[in-house]
Amino acid sequence: MANQPRGTARERLLDAGCALVIEDGLDVLRRGLTSKTVAARAGYSERTFYSEFETKQDYVRSLVAHICDAPDSPVNRASFSRRVRTRLVRADSQDPLVHMRALCDENFERLRGDDRVAARVALAAIAHGDEQVATELRKHYGALTADLAATYEQVLDVWNVSMRYPLTSTSIAVIVSALTEGLVIRSYIDPISTPPSILADAVLALFPGTVDAQKSGERVETMLETFHSERSPSPTPPGSIAVDLHQKLMSAARANLRDQRGLDALSPEQLAADCDEPLTAVRRLYASPFSVLVAVCRPLRDSLVQSLEADHMFGFDARVSTERHFARLSVLLHQTPALAETLVLSGVRSSPSAARAATTLDIPGVVTATIAAGQAEGTVSSVYPPDRLAVLLSQTVALCVLDPDGGAEDVSALVASFLRG
């Protein structure tokens, strides 16, 4: 049965368990996963559950494998090791660090877009009270470490370097996989602090301190000289904009957003002062706080898209997916009041810049198709067209966030009220 195609009872029961782990993690922590709960979530009886899985233990083993090692999952250890070998073992030895950065960026984006990483973390929490889950997870992490260590040995051999004592390929496999997983988890909660390049930046910073060259006995820092010289800002002609000014401004803008400051903190004047750069140079890149906001918030919009796609993958219906989306949007807007301000101002005719920024980001567009599906199913009110309802809900959530007396309960109730019509 393990090789049955996706969509069978077995697969739907495993998807149900995965969704329960993510959605009802606290309840699962207290009560565990019961066959009755899993079957009900998948739309089956317990009889069907036990026709697919001989015992509860058999189900737990299959669920852990489904979450951690499904062939289509980015956390699948075989596919991960294969990507490492493709990028690094077969890479052009004259430019290995470019391949390393590309690999890190690719893996971070893959993992950040898959809720099975969150499910694996939830399983780790459940493992504290469930020895079978703990045993299965230990097996998974052990196999992942062994695969990665073997792959890193191939990389070290091709690059003609060795691990610097006391590190080994096994310990590096543990460190890098834990670092990656930790950053992905942080990105769910605080995407502003975890830009797409953060994993590559960390790995490349650690690399010189972990390996030694073999042939000459010299340390591998010499291998990085070209790389560092390429990254160092070169002198620029008078009146030109430094190559790294954009990155400098984005770092300052993200820091201001992390402090939950409003649109004023994204103004060219404020960023010029924060970065100690000429205002004229900043204005060449960003003419208004709204243009800065668009640049900073694109990855945040992408995270909303990925989360909604994950909801569809795990079988949530359109109404529930819509409610979950606006709950996530509420959290995001609490973290970025400047985005909430922009969504509200976009509805005011006297603020064309906010309207252009809102149109460019198109936050309501993330959920429009899901609302349309709910209307077609009859689970979402059809009083408004789907695109209009998406805009109204997005602006309403933003207003609730900016209201000092508002709360999460108000947002949930308002969204539910709109969806009922």
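Just so it is clear, none of the values below were taken in a lab; they were calculated from the coordinates. This one's a predicted model, so the numbers in the text were calculated from it and none came from an experiment. Using ideal geometry, Cβ is built from the backbone for each residue, glycine included, and neighbour counts are taken over all protein chains shown.
Ellipsoid semi-axes for the stretch 245-287, based on the Cα gyration tensor and the rule √(5λ), read 16, 10, 8 Å when sorted largest first.
For the peptides 139-150, 387-398, 333-344, the ranking by packing is 333-344, 387-398, 139-150, with the highest mean count of neighbouring Cβ atoms within 10 Å listed first.
Protection proxy ranking for 203-212, 356-365, using the average of other Cβ atoms within 10 Å per residue and placing the highest first: 356-365, 203-212.
All Cα-Cα distances of the stretch 291-420, cut into 10 Å bins from zero to the largest, leave 13, 46, 35, 6, 0 percent in each bin in turn.
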